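Working notes, structure below.
Just so it is clear, none of the values below were taken in a lab; they were calculated from the coordinates. As the structure is a computational prediction, the values presented were derived from the model and not from experiment. Cβ coordinates were reconstructed from backbone atoms using ideal geometry, including for glycine residues, and neighbour counts include every protein chain displayed.
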Ligand SMILES: Cc1cc2nc3c(=O)[nH]c(=O)nc-3n(C[C@H](O)[C@H](O)[C@H](O)COP(=O)(O)OP(=O)(O)OC[C@H]3O[C@@H](n4cnc5c(N)ncnc54)[C@H](O)[C@@H]3O)c2cc1C
């Protein structure tokens, strides 16, 4: 019987359970990837993600793997494969995706049943399918992450399929090639190079640099997009860290890094168990607030025109580079939802498209956490002026992304509204013309948001709902 490996968010050869098992008993499998055109109309998918995938597939080909690439409805693709090779076993990794991606998987599940095809789905990283609570989750996570790596199936021949009816159209190829010149390229070999450099040269500075816009771009691992598309497995990263950790006298920074590898699965596990987090407040007590969208405010935030330099720099930067560090992500979400008092969903969809590392299972739960709609976490309202004074002291980050402020003296770059007319004249700068005036008053809005959110959070109704959320998603019963 033929084996078909359906690559999804596991674009690697090493430690790939589906690939490894597909060559058992000297079988020679077909490896496929499907670009589903419907995805481009989903609210969270951008062509920049496809570019990263395309680069990752090229990297696999350069390593000698035959990847059959299809562009089309997955049902039509599987019909065509069946016509070409008859019955087959389908192997892939589980995907903790949005309801759109579950719908596709469910259609394929029905198709496999109808066509008497077995579909084996393997665990993705250490996210567990089918659990109802987090009892013993920590123990299961550590067991999985320390388990032996799957062997690479390098010595087997991989077979070609006819993909002629499913070619990627030229206009899509053009967009793929032109999409992300300022973003990191995808690929398994790139991921391993990044990990090697990170562990050899950067990890000790990681913890102290994490929240600084500029330093984080050098000292963070920058592996998130590679992890999201499976260019590298979390097991590979964790096990490489364990080896490196033995050489460290000060283990604090590497431990912080390794903790985040667990957070990765912790967040995705929430989404695996509840996909409504993509569109519904986790705590319904927050349902009656922020109902009205203001197009002008949203547009100013999206386009980096709010008049708050750090927010504008971050929003322009993510559009070009697909990346922000954790603190900046939290700060822009806090600004949109608390200070501009806008509903979180359109902002979450916009940033899903912008983040090259977009991972629904981290993105939407994190977004709700920062928007304070879980009722469980501390409400954090980031002050963008304080953040920029502390974390971008010499304004290097702001100068890069908001060039219209670059020639001002540093104190005014953080707060251009403090310039007197005389200083504006001396700097050849007109506040409100060369750079937008602040669209809202931060202090006033912060006070409003804080009072409103805390009142809801402390209500008995919200507390009861929070208890239910904790029962389902908290890792309190640790082993
Ligand atoms: C609103 C919001 C949305 C986010 N959306 C995403 C997303 O779509 N995809 C994504 O990978 N991360 C997301 N994050 C988490 C985090 O910001 C990024 O993982 C991190 O900035 C990526 O950079 P890095 O690879 O250099 O991370 P490093 O700091 O080097 O960390 C290594 C890895 O650990 C994991 N990790 C790190 N921080 C977190 C975290 N706070 N929560 C969960 N996992 C973490 C990631 O897989 C990351 O690649 C989001 C955070 C916020 C506040």
The chain, relative contact order [Cα under 8 Å, separation at least 6], %: 19 percent
Cα-only radius of gyration and Dmax that characterise the stretch 284-473, units Å: 17.6, 60
Length added when fully stretched, residue 75-residue 58, from 0.36 nm per residue minus Cα-Cα: 3.7 nm
Ranked 288, 363, criterion: other C-beta atoms within 10 Å, fewest first: 288, 363
13 Å reach of a label modelled at residue 106, 7 Å along Cα-to-Cβ, counting backbone N of the stretch 244-284: 275-276
Kirkwood-Stokes translational diffusion coefficient of the stretch 366-415, alpha-carbon pairs, 37 °C, 0.692 mPa s, µm²/s: 262 µm²/s
Burial ordering of 5, 203, fewest other beta-carbon atoms within 10 Å first: 203, 5
Global size of the chain as Cα Rg and Dmax, reported in angstrom: 23.9, 81
Helix-only mean residue ellipticity at 222 nm for the chain, each DSSP H run of n ≥ 4 adding -39500 (n - 2.57), per residue, nearest 500: -15000 deg cm²/dmol
Rounded Å value of the spacing that divides the Cα centres of the stretch 252-286 and the stretch 150-199: 27 Å
For the stretch 218-298, convex hull of alpha carbons as volume per residue, Å³: 177 Å³
Helix axis angle, 309-321 relative to the chain longest principal axis, alpha carbon, degrees: 20 degrees
Nearest-0.05 FRET efficiency for residue 189 and residue 428, computed from C-beta distance (R0 41 Å): 0.25
Förster radius 25 Å - calculated FRET efficiency between residue 135 and residue 38 (Cβ-Cβ, nearest 0.05): 0.10
Contour minus Cα-Cα distance for residue 470 and residue 320 (0.36 nm per residue): 50.3 nm
For the stretch 166-258, convex hull of alpha carbons as volume per residue, Å³: 109 Å³
Two-site FRET efficiency, residue 455 against residue 119, from Cβ-Cβ distance with R₀ of 60 Å, rounded to 0.05: 0.75
Sequence of 76, 15, 170 once ranked by neighbouring C-beta atoms within 10 Å, starting from the fewest: 170, 76, 15
Angle in degrees between helix 188-197 and the longest Cα principal axis of the chain, rounded to the nearest 10: 50 degrees
Nearest 10 degrees, 0 to 90: helix 47-62 Cα axis against the chain principal axis: 40 degrees
